[in-house]
1. Name the lysines eligible as straight-distance cross-link partners of Lys78: C-alpha to C-alpha under 21 Å, and not fewer than 8 places from it in the same chain.
2. Hey, what D do you get for region 56-103 in µm²/s if you plug the Kirkwood alpha-carbon radius into Stokes-Einstein at 4 °C and 1.567 mPa s?
3. Taking only C-alpha pairs under 8 Å that are 6+ residues apart, what is the relative contact order of region 91-155 in percent?
4. Express the carbon and sulfur contribution to the solvent-accessible surface of region 52-95 as a percent, rounded to the nearest whole number, probe 1.4 angstrom.
5. Per residue of region 116-127, what does 6.51 cos²θ - 1.76 cosθ + 1.60 with θ = phi - 60° give for ³J(HN,Hα)? Whole Hz please, x for Gly and Pro, Karplus curve as stated.
6. Give me the percent relative contact order of region 41-115, please, defined on Cα pairs under 8 angstrom at least 6 residues apart.
7. Considering only protein heavy atoms and a 1.4 Å probe, what is the carbon-and-sulfur percentage of the accessible area of region 153-200?
8. Read phi for every residue in region 57-63 and hand back ³J(HN,Hα) as whole Hz from Karplus 6.51 cos²θ - 1.76 cosθ + 1.60, θ = phi - 60°, with x for Gly and Pro.
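The values are calculated or read from the model by the stated rules, or taken from the named source; none is laboratory data. Predicted model, so just to flag it, every value in this text is computed and none were measured. FYI the Cβ positions are ideal-geometry reconstructions off the backbone, even for glycines, and counts take in every protein chain you see. SASA here: full protein model, heavy atoms, side chains in, ligands and nucleic acids out. Shrake-Rupley method; radii C 1.70, N 1.55, O 1.52, S 1.80 Å.
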Amino acid sequence: MQKTGLYALLAILIFALIFAFLPGAGRGGPQTDATLRGVELRLFPSRDPDAVWSFSAQNVSSNPVSNETVLTGISGGKRVLKERDASGRLTGRETLDATLDADRLTIDGQDDMTTLKASIRLVNECAGIVMKGTRQNPVKIEQGYGFTAPVADITSPFLNGHAEKLRMSFQFDLDDMDNDTSSTSLNLNATEKCQDGRLVPTT
């Protein structure tokens, strides 16, 4: 699968950059990036071929030197999975896998995304993860795997936790965290459970 949407966006941004350098553009000096406003973006990661990310962004800025695209004023962030039938063929349908809220996202040349703060909701698990990072150690969403964060708070029908040095997959598999500074608790008396991506009362 090709990340067609991002390539098209980058092509437009590069055209805008070239246009900016034409005589009469009225620039005081050279610039290395170009910006679009009011963009609907779809990202098709090559390392996660069954996934599609989509965002609405007030501003999208691309820097061809660093090969980074920055989104700000983000809304409607989500990850959907392409559906396959029993034989492994694509059906043309998509199912919502996760939602993402962040004020700012930086997408690098490998389609990985970084931000200082993000909230992810894993639909199938009815789980919410609020993650925080720093400029030196940001929250990172790795295509084909999941996400890492210096600090995260997790809520779900069966587990709540505070995690540091979190590493977790999109399947809610907790691969690693600093056990000396993290804590989790099981909701043994939970009154709700996750069913088809929704919280329903336990019977």
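1. Reachable lysines: Lys3, Lys117, Lys132, Lys140.
2. Rounded, D is 99 µm²/s.
3. 27
4. 47
5. Here the 3J(HN,Hα) series is 7, 8, 8, 10, 10, 10, 8, 5, 5, 9, 6, 10 Hz.
6. Dividing the mean separation by the residue count of region 41-115 yields 26 percent.
7. It is 44 percent, rounded to a whole number.
8. Couplings: 9, 5, 9, 10, 10, 10, 10 Hz.
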